[in-house]
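Step one of this worksheet: look at the structure below.
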6 protein chains.
Amino acid sequence: MIYLTRRERFSAAHRLFRQEWSDARNEDVFGKCSNPNWHGHEYILFVTVKGEVNPETGYVINLKELSKIIKEHIIEKLDHKNINLEVDFMNGKMATTENLAIEIWKQLKTPVNKAGAELHSVKIVETENNFVEYFGIKDL
Amino acid sequence: MIYLTRRERFSAAHRLFRQEWSDARNEDVFGKCSNPNWHGHEYILFVTVKGEVNPETGYVINLKELSKIIKEHIIEKLDHKNINLEVDFMNGKMATTENLAIEIWKQLKTPVNKAGAELHSVKIVETENNFVEYFGIKDL
Amino acid sequence: MIYLTRRERFSAAHRLFRQEWSDARNEDVFGKCSNPNWHGHEYILFVTVKGEVNPETGYVINLKELSKIIKEHIIEKLDHKNINLEVDFMNGKMATTENLAIEIWKQLKTPVNKAGAELHSVKIVETENNFVEYFGIKDL
Amino acid sequence: MIYLTRRERFSAAHRLFRQEWSDARNEDVFGKCSNPNWHGHEYILFVTVKGEVNPETGYVINLKELSKIIKEHIIEKLDHKNINLEVDFMNGKMATTENLAIEIWKQLKTPVNKAGAELHSVKIVETENNFVEYFGIKDL
Amino acid sequence: MIYLTRRERFSAAHRLFRQEWSDARNEDVFGKCSNPNWHGHEYILFVTVKGEVNPETGYVINLKELSKIIKEHIIEKLDHKNINLEVDFMNGKMATTENLAIEIWKQLKTPVNKAGAELHSVKIVETENNFVEYFGIKDL
Amino acid sequence: MIYLTRRERFSAAHRLFRQEWSDARNEDVFGKCSNPNWHGHEYILFVTVKGEVNPETGYVINLKELSKIIKEHIIEKLDHKNINLEVDFMNGKMATTENLAIEIWKQLKTPVNKAGAELHSVKIVETENNFVEYFGIKDL
């Protein structure tokens, strides 16, 4: 088993708030992230897959293929978008980095399998000071 | 003369478009940056000041003071904000990195002078692949 | 389970040596790190916690709270300090990055638990070429 | 158990192709990486070892020793070399990052053991957008 | 005047040597860089252009256009290539980073002008420890 | 004229204070940097030299030679040292990054000239958020 990671980036706007909460409570819990006029980040996404090395190619999976899967299922839906308003798989979810990692995992699991590898983890760097990693339903 | 640079960061949303243009023309010129639902970036700001070294402190300017000036005049106005809608000094300007650098320069010139140094340049990194630098009205 | 990591930094001085050893043996084992006049590093600390996502907030733990815990228990004690002389939890320990990671883990375990998450790992980057990671008493 | 990682770099040339395949098939599978005139990368290698902290030194392993092992067994053989033509342990293997990680692991396992630690993982960053990690024959 | 920089990358193989010199002299002057079997780097290219901000778009030059110019004139010719054997504008030149920066400047000067901006500098990072910058025939 | 930059690093301890000032005034001006027990940084040094390209080698200056000059005159004196107590050329100077850059410039000017190039600038990164650059007595 070997682990291969592909890095991609997307620029997106989001906002953290609960409609049923008062402005004061939203401000208290989410701070500046609850700004009604949105703000944004340069998200960095690391997708790690695992598998045996194909003896003919020396690859776990062809990086071109992995990159294509991530672009098609994730980047095209998130890049230069509003996470709260425009991303189907985030519909009805709080637009936190935690939820983003979990939902990206769900989007990628099947396509990565079909391409002959297994999805290991999804890591999202929101700012240089915080990032989130998700390994699916089994604990690491 | 010695040059001292302070790095600060801000997360902001923006959109590039001209109201008097058709959607098609906005899309053609600004691409995904014209998305009406906004998108965002993790902007990194480098402010460079210059001056003689104070022989008593060994400082051009006290970094705490420089950082305070940048936070008060720039970061508090931009961080977790919408550049098009909420930033007074960007009012009526296209929200490009170029204009942001020029307007940040104008905001900082006087306060930096008052603190005893001279503003040399404002550099803004929008993504890891592009940045803008402004040196004021005199060419470098 | 999802993993959330917070990055913090601290500048500190330290020295590696054993008083009962000769200067020559200290020099042989610890090299330049045994300099009696101290030297220092820009330590980068990554604290990873894990837990379930709170469905109401979309958070594992509020980053503001995690950052506050790390600042109060770790950064205030280490930043701009001498690790050998001034840091209570390093008292009587060799000031290596290994021991620093283990002792920081011990400081953070309870406060992170009280905040509703579980401490997963403490990683310390001493220079760009070496870092240490500790996962507590259970092996990874 | 604590984990210690050492970073090293090497500049090398390589080419991905199978002699028994047509140029078209090589181009299709390996793309620009099949260029017969070679191309190169700035590989970044992270070697992670684990072990108990030696109470006398506060070290898992002396970094000088770990660095010396990596330089002698890996860097001297790979730096400024052609991976396909000049590296004994890559002889007859596809020069992918996956195979490089696996073979580097095999080279380091015994010397790291002799130095009193256990090899945990070998990670190779090929470009800023892709890296590979190998943990030996047991899955993580 | 404002300065806009675009970053691009290319992976290439090269070798430093003079055919008329003995192997010993090549080894003495160029060290490991004279390896006849080539080695390679992950070159990072920063192209800086300058100009007035277009009041209608807020751009010095459209980044898409600048990126297209760099890709067409530089990256397609260098990426996954052998600098000594395959790059027309390096023909007959020593494949140093210095010469690469000068020749890339010559390639870009006219196309950048035609696109309405002025080429300011070409910077090439060969490894994390060394880079070269060229500002054309006028000294900075 | 082309500009070549070499990056080197050093770990050092320092303290900012004036003996003739009260503790309160030192604390007020220098903050945590006045800690009597020292603290430290991972300083990153960028030395830029300029000159014509030697047509025979394609080099401004041989990087090995430049690196040797910097190591001999600067790194050996600063690395794992106490800047206030152990560095001859900082004797009697406030141990700020500004003064460090100016004094490193003075140390390097002559040796770089003798090696056939001209010293252009000395840049020192103290933390990821602040750095200083010095271009000698002529303003940039």
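The values are calculated or read from the model by the stated rules, or taken from the named source; none is laboratory data. Predicted, not measured: the structure shown is a model, and the values here were computed from it. Virtual Cβ from ideal backbone geometry, glycine too; neighbours counted across all protein chains shown.
When you look at D:Glu72, is it within 13 Å of chain E (Cβ to nearest Cβ), in a helix (DSSP H, G or I) and either over 22 Å from the mean Cα position of the chain (by Cα) or within 30 Å of C:Thr97 (Cβ to Cβ) (or both), yes or no?
Values: within 13 Å of chain E (Cβ to nearest Cβ): no; in a helix (DSSP H, G or I): yes; either over 22 Å from the mean Cα position of the chain (by Cα) or within 30 Å of C:Thr97 (Cβ to Cβ) (or both): yes.
When the stated conditions are applied, D:Glu72 does not pass them.
When the residues of region B:111-140 are filtered to those that are over 24 Å from B:Glu42 (Cβ atoms) and among the aliphatic types (A, V, I, L, M), which remaining residue is modelled with the lowest pLDDT?
Per the criteria, the residue is B:Leu140.
In the set A:Lys114, A:Lys77, which member is surrounded by fewer than 20 Cβ atoms within 10 Å (Cβ to Cβ), farther than 23 Å from B:Lys32 by Cβ, out of contact with any strand residue (DSSP E or B) (no Cβ under 8 Å at 6 or more places or on another chain) and among the basic types (Lys, Arg)? Can you show your working first?
Numbers: A:Lys77 fails: farther than 23 Å from B:Lys32 by Cβ.
So the residue among A:Lys114, A:Lys77 that is surrounded by fewer than 20 Cβ atoms within 10 Å (Cβ to Cβ), farther than 23 Å from B:Lys32 by Cβ, out of contact with any strand residue (DSSP E or B) (no Cβ under 8 Å at 6 or more places or on another chain) and among the basic types (Lys, Arg) is A:Lys114.
Could you check how many residues of region B:76-102 are in contact with a Leu (Cβ under 8 Å, 6 or more places away or on another chain) and farther than 14 Å from A:Gly40 by Cβ?
Residues that pass the stated criteria total 4.
Please work out which residue is nearest to C:Phe135 (Cα to Cα), limiting yourself to region D:43-53 and to residues that are of a type in the set (A, V, I, L, M, F, W, C) and either within 14 Å of chain E (Cβ to nearest Cβ) or more than 20 Å from the chain's Cα centre (by Cα) (or both).
Let us first name the residues in region D:43-53 that are of a type in the set (A, V, I, L, M, F, W, C), namely D:44-47, D:49, D:53.
Now restrict to residues that are either within 14 Å of chain E (Cβ to nearest Cβ) or more than 20 Å from the chain's Cα centre (by Cα) (or both): D:44-45, D:53.
On the way: D:Ile44: 25, D:Leu45: 22, D:Val53: 13 Å.
So, considering only residues that are of a type in the set (A, V, I, L, M, F, W, C) and either within 14 Å of chain E (Cβ to nearest Cβ) or more than 20 Å from the chain's Cα centre (by Cα) (or both), the one nearest to C:Phe135 (Cα to Cα) is D:Val53.
Residues being under 15 Å from E:Leu4 (Cα atoms) and touching a residue at least 60 places away in the same chain (Cβ under 8 Å): count how many of those fall in region E:111-132.
So the first thing to find is which residues in region E:111-132 are under 15 Å from E:Leu4 (Cα atoms), and the list is E:112-113, E:115-123.
Keeping just the survivors that are touching a residue at least 60 places away in the same chain (Cβ under 8 Å) gives E:112, E:116-123.
So the answer is 9.
Which condition number does E:Val60 fail, the rest of (1) within 13 Å of chain D (Cβ to nearest Cβ); (2) buried (at least 23 other Cβ atoms within 10 Å of the Cβ); (3) of a type in the set (A, V, I, L, M, F, W, C) being met?
Status for E:Val60: all satisfied but (1).
Might you check whether a residue that is among the acidic types (Asp, Glu) and more than 30 Å from F:Asn26 (Cα to Cα) occurs anywhere in region B:32-47? Step through it out loud before you land on a result.
Taking region B:32-47 and keeping what is among the acidic types (Asp, Glu), we get B:42.
Next, only the ones that are more than 30 Å from F:Asn26 (Cα to Cα) stay: B:42.
Yes, there is a match, as at least one residue in region B:32-47 is among the acidic types (Asp, Glu) and more than 30 Å from F:Asn26 (Cα to Cα).
Only one of these conditions is not met by A:Thr48: (1) within 21 Å of A:Leu78 (Cβ to Cβ); (2) among the polar types (S, T, N, Q); (3) part of a loop (DSSP other than H, G, I, E, B). Which number is it?
(3)
Test C:Asp23 against the criterion of being of a type in the set (Asp, Glu), over 18 Å from the mean Cα position of the chain (by Cα) and over 21 Å from C:Leu85 (Cα atoms), and give yes or no. Before you say what the answer is, go through the steps one by one.
Values: of a type in the set (Asp, Glu): yes; over 18 Å from the mean Cα position of the chain (by Cα): yes; over 21 Å from C:Leu85 (Cα atoms): no.
In short, no.
Quick test for you: out of F:Leu85, F:Leu108, pick the one residue that is in contact (Cβ under 8 Å) with a residue 60 or more places away in the chain, outside any strand (DSSP E or B) and either more than 10 Å from chain B (Cβ to nearest Cβ) or among the β-branched types (Val, Ile, Thr) (or both). Before the answer, list the steps.
Working: F:Leu85 fails: in contact (Cβ under 8 Å) with a residue 60 or more places away in the chain.
Matching residue, one of F:Leu85, F:Leu108: F:Leu108.
List pairs: first in region E:1-19 and within 14 Å of chain D (Cβ to nearest Cβ) and crowded, with 18+ Cβ neighbours inside 10 Å, second basic (Lys, Arg) and part of a strand (DSSP E or B), Cβ under 6 Å, 6+ apart or cross-chain?
E:Ala12/E:Lys81
Would you confirm, using the coordinates I've provided, whether B:Ser11 is in a strand (DSSP E or B) and not aromatic (Phe, Trp, Tyr)?
Values: in a strand (DSSP E or B): yes; not aromatic (Phe, Trp, Tyr): yes.
Here the answer is yes, as B:Ser11 does meet what is asked.
Please enumerate the residues belonging to region E:117-140 that are assigned to a loop (DSSP other than H, G, I, E, B) and within 21 Å of E:Asn35 (Cβ to Cβ). Full working, then the answer.
Let us first name the residues in region E:117-140 that are assigned to a loop (DSSP other than H, G, I, E, B), namely E:117, E:128-129, E:135-140.
Those that are assigned to a loop (DSSP other than H, G, I, E, B) and within 21 Å of E:Asn35 (Cβ to Cβ): E:Glu128, E:Asn129.
What do you reckon, is B:Thr96 polar (S, T, N, Q), at pLDDT 95 or above, under 13 Å from the mean Cα position of the chain (by Cα) and closer than 25 Å to E:Lys50 by Cβ?
Details: polar (S, T, N, Q): yes; at pLDDT 95 or above: yes; under 13 Å from the mean Cα position of the chain (by Cα): yes; closer than 25 Å to E:Lys50 by Cβ: yes.
Spelling it out, B:Thr96 is indeed polar (S, T, N, Q), at pLDDT 95 or above, under 13 Å from the mean Cα position of the chain (by Cα) and closer than 25 Å to E:Lys50 by Cβ.
Is one or more of the residues making up region D:23-42 more than 18 Å from C:Glu133 (Cβ to Cβ), away from chain E (no Cβ under 14 Å) and crowded, with 21+ Cβ neighbours inside 10 Å? Step through it out loud before you land on a result.
Taking region D:23-42 and keeping what is more than 18 Å from C:Glu133 (Cβ to Cβ), we get D:23-42.
When the remaining residues are screened for being away from chain E (no Cβ under 14 Å), the result is D:23-25, D:28-29.
Imposing the further condition that a residue be crowded, with 21+ Cβ neighbours inside 10 Å reduces the set to none.
Taking every residue of region D:23-42 in turn, none turns out to be more than 18 Å from C:Glu133 (Cβ to Cβ), away from chain E (no Cβ under 14 Å) and crowded, with 21+ Cβ neighbours inside 10 Å.
Suppose the filter is in a helix (DSSP H, G or I) and either on the phi > 0 side of the Ramachandran plot or without any contact (Cβ under 8 Å) to a residue 24 or more places away in the chain (or both); does D:Ala101 pass it?
It is false that D:Ala101 is in a helix (DSSP H, G or I) and either on the phi > 0 side of the Ramachandran plot or without any contact (Cβ under 8 Å) to a residue 24 or more places away in the chain (or both).
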